[in-house]
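The values are calculated or read from the model by the stated rules, or taken from the named source; none is laboratory data. None of these values were measured; they are calculated from a predicted model. FYI the Cβ positions are ideal-geometry reconstructions off the backbone, even for glycines, and counts take in every protein chain you see.
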Amino acid sequence: MNLNAHWSPFTSNKVFNKNPRMIESAEGMYWTTDKGERVLDMTAGLWCTNLGHGREEIASAMYESSKKLDYAPSFGFGHRHSFELAERLTALAPRDLNHAFFTNSGSESVDTSLKMALAYHSARGQSGKKIFIGRERGYHGVNFGGTAAGGINTNTRTFGRWGNVDHLSDVLDMERNAFSHGLPEHGVEKAEELDRLIQFHGAENVAAVIVEPIQGAGGVIMPPQGYLKRLREICTANEVVLIFDEVVCAFGRTGSFTAAQEFNVQPDIMTLAKGLTSGTVPMGAVLCSDTIYDAVVSNTPDGIEFFHGYTYSAHPIACAAAMACLDIYEAEGLFTRANEGIGRYLEQVLHRLRDLDGIIDIRNYGLLGAIEFEPTGEAVPMGVKVFTKAWDNGLMVRGLANTIIVSPPLVVEESHIDEFAEKIWRSVKDCQG
Ligand SMILES: Cc1ncc(COP(=O)(O)O)c(C=O)c1O
């Protein structure tokens, strides 16, 4: 096979092609490789396969849907399933997020949310409000808006930051908060920086603040206690739209349907993807408040209100998959499971890894966790080394610089967490020689 024919995303293609990690099939909590080895999935793929792999109910819902209606355009047309899905999602979502716009990915949800904020201000005669504020270490996908609003510099070095953006400082504070369980105690004062940035740019120029309630790809960084609430207050005081990018956090990852509900903070707009279809087929959504919808849609003259959308918005097969997923989440109580015994079990097991050498932080919330190693100054950071070794040992974790991240499917059992503990322990020891 000519592996160079496929240019893999976010991959060191040259390294990968020499020793490709090929996945052949998946079932429950496990992958099977092309060599027939079983690998425990402690990352839910890319934080998306929340329901575990190979769920028959989803597969047959997609199959049945594709036989009846393989495609329907959504510009000026509709099909029943997207309206039903929108009703179901908005009923689960935080109060006031009563409208859903469908996309095909997290990146599309993010760029849609940014455009929605601009459309809202424009509809109210405030089209000067165009600046977006993100956070250092934030990840909002790879389209131009989300790339610019993101705060991971490897993602912008080559491409620059298109658009008008500024960033809040990193809230990771290992000096004061290392080894926190749940939300860290220190750092709420960092939210005041938002007020300073808004005053600096002028509130009349700032459109929106976009934050992941818990930062995922930046290293699983929890918001300090009270931080998100304070951002909400500052946004309200300055008529700045608050966007929660819940592409990772929603669908039970934190122990509630969304992190907004878990932390009791109300955004104006919320992005969703990943867990919406449990990774089975691409789909995203953007939920927005009545205030935003009414300004852009209800209270404007007839004609297209929002010049935005995708060929595959509300694709019928994706809608069928999402409906089947919601059935499973609800039937198996998975929106809240992370808040129950299994979340605490993961927490205990993660924090026990503190006994390994070279660990400078362990942090967790719900079914999300990170282990941070002391930087060694070597070319390949410890997180990447451990990730590689873990795969060889039959375990998939995520390795980001000096950090190992876990975000298992929400159906994980204690026995899987025990298996993770044994394999990660062995993998770290193997790396430390
Ligand atoms: C918070 C957040 N937003 C957006 C995205 C982009 O999603 P996608 O890769 O589906 O475009 C991701 C992906 O990991 C994410 O974590």
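Results for (1) crowded, with 23+ Cβ neighbours inside 10 Å; (2) at pLDDT below 95; (3) assigned to a loop (DSSP other than H, G, I, E, B), shown as yes or no for each residue.
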| residue | (1), (2), (3) |
| --- | --- |
| Arg253 | yes, no, yes |
| Gln261 | no, no, no |
| Gln266 | no, no, yes |
| Met270 | yes, no, no |
For this session: Kindly indicate whether any position in the stretch 2-12 is loosely packed, with under 10 Cβ neighbours inside 10 Å, within 16 Å of the ligand (Cβ to nearest atom), under 27 Å from Ala370 (Cβ atoms) and at pLDDT 95 or above.
Result: yes
For this session: Determine, yes or no, whether Glu239 is at positive phi, modelled with pLDDT of 95 or more and of a type in the set (D, E, K, R).
Result: yes
Exercise. Checking Leu183 against (1) within 28 Å of Met283 (Cα to Cα); (2) within 18 Å of the chain's Cα centre (by Cα), which single condition isn't satisfied?
Worked result: (1)
Seminar exercise, completed: Expected single match for outside the structural domain of Arg95 (by TED's automatic domain parsing), in a loop (DSSP other than H, G, I, E, B) and either buried (at least 22 other Cβ atoms within 10 Å of the Cβ) or over 18 Å from the mean Cα position of the chain (by Cα) (or both) among Asp357, Asp302 is Asp357
Problem set entry | Close pairs (6 angstrom Cβ cut-off, 6 or more residues apart or separate chains): without any contact (Cβ under 8 Å) to a residue 12 or more places away in the chain in the stretch 188-203, part of a helix (DSSP H, G or I) anywhere | none
Exercise. Mind checking whether some residue in the stretch 16-23 is touching a residue at least 24 places away in the same chain (Cβ under 8 Å) and among the aromatic types (Phe, Trp, Tyr)?
Worked result: no
For this session: Kindly check whether there is at least one residue in the stretch 174-181 that is under 26 Å from Val349 (Cβ atoms), within 16 Å of the ligand (Cβ to nearest atom) and touching a residue at least 40 places away in the same chain (Cβ under 8 Å).
Result: no
Exercise. Where in the stretch 1-107 are there strands (runs of 3 or more DSSP E), lying wholly inside it, with at least 2 residues that are assigned by TED's automatic domain parsing to the domain that holds Gln266?
Worked result: 97-103
For this session: Those residues that are near the ligand (Cβ under 10 Å from one of its atoms) and either surrounded by fewer than 23 Cβ atoms within 10 Å (Cβ to Cβ) or of a type in the set (Lys, Arg) (or both), I need them from the stretch 133-157; list them, please.
Result: Val142, Asn143
Problem set entry | Leading residue by the ranking (farthest from Val206 (Cα to Cα)) among those in the stretch 101-132 that are away from the ligand (no atom under 16 Å from the Cβ) and of a type outside the set (Gly, Ala, Ser) | Arg124
For this session: List the number of the failed condition for Ile198; all other conditions in (1) over 30 Å from Gly358 (Cβ atoms); (2) within 16 Å of the ligand (Cβ to nearest atom); (3) buried (at least 17 other Cβ atoms within 10 Å of the Cβ) hold.
Result: (2)
Seminar exercise, completed: Within the stretch 307-322, the residues that are touching a helix residue (DSSP H, G or I) at 6+ places or on another chain (Cβ under 6 Å) and surrounded by fewer than 20 Cβ atoms within 10 Å (Cβ to Cβ) are His308
For this session: Please state which of the following conditions Pro409 fails to meet, knowing it meets all the rest: (1) closer than 30 Å to Ser66 by Cα; (2) in a helix (DSSP H, G or I); (3) touching a residue at least 40 places away in the same chain (Cβ under 8 Å).
Result: (2)
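Condition check ((1) among the polar types (S, T, N, Q); (2) over 30 Å from Leu231 (Cα atoms); (3) touching a strand residue (DSSP E or B) at 6+ places or on another chain (Cβ under 8 Å)) across all residues:
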{"site": "Gln261", "(1), (2), (3)": "yes, no, no"}
{"site": "Gly275", "(1), (2), (3)": "no, no, no"}
{"site": "Met283", "(1), (2), (3)": "no, no, yes"}
{"site": "Tyr293", "(1), (2), (3)": "no, no, yes"}
{"site": "Asp302", "(1), (2), (3)": "no, yes, no"}
{"site": "Tyr312", "(1), (2), (3)": "no, yes, no"}
Problem set entry | Test result for Leu326, free of Cβ contacts under 8 Å to residues at least 60 places away in the same chain and not in a loop (DSSP other than H, G, I, E, B) | no
For this session: Could you check, for the stretch 376-383, whether at least one of its residues is under 24 Å from Asp173 (Cβ atoms), assigned to a helix (DSSP H, G or I) and within 24 Å of the chain's Cα centre (by Cα)?
Result: yes
For this session: Kindly indicate the residue of the stretch 87-100 that is out of contact with any Ser or Thr (no Cβ under 7 Å at 6 or more places or on another chain) and touching a residue at least 24 places away in the same chain (Cβ under 8 Å) and also farthest from the ligand (Cβ to nearest atom) among those meeting that condition.
Result: Arg95
Seminar exercise, completed: Note: among Glu37, Glu64, just one is surrounded by 12 or more Cβ atoms within 10 Å (Cβ to Cβ), within 21 Å of Thr277 (Cα to Cα) and charged (D, E, K, R), namely Glu64
Problem set entry | Those residues of the stretch 272-299 which are within 16 Å of the ligand (Cβ to nearest atom) and either surrounded by fewer than 23 Cβ atoms within 10 Å (Cβ to Cβ) or not assigned by TED's automatic domain parsing to the domain that holds Ala208 (or both), in sequence order | Val281, Pro282
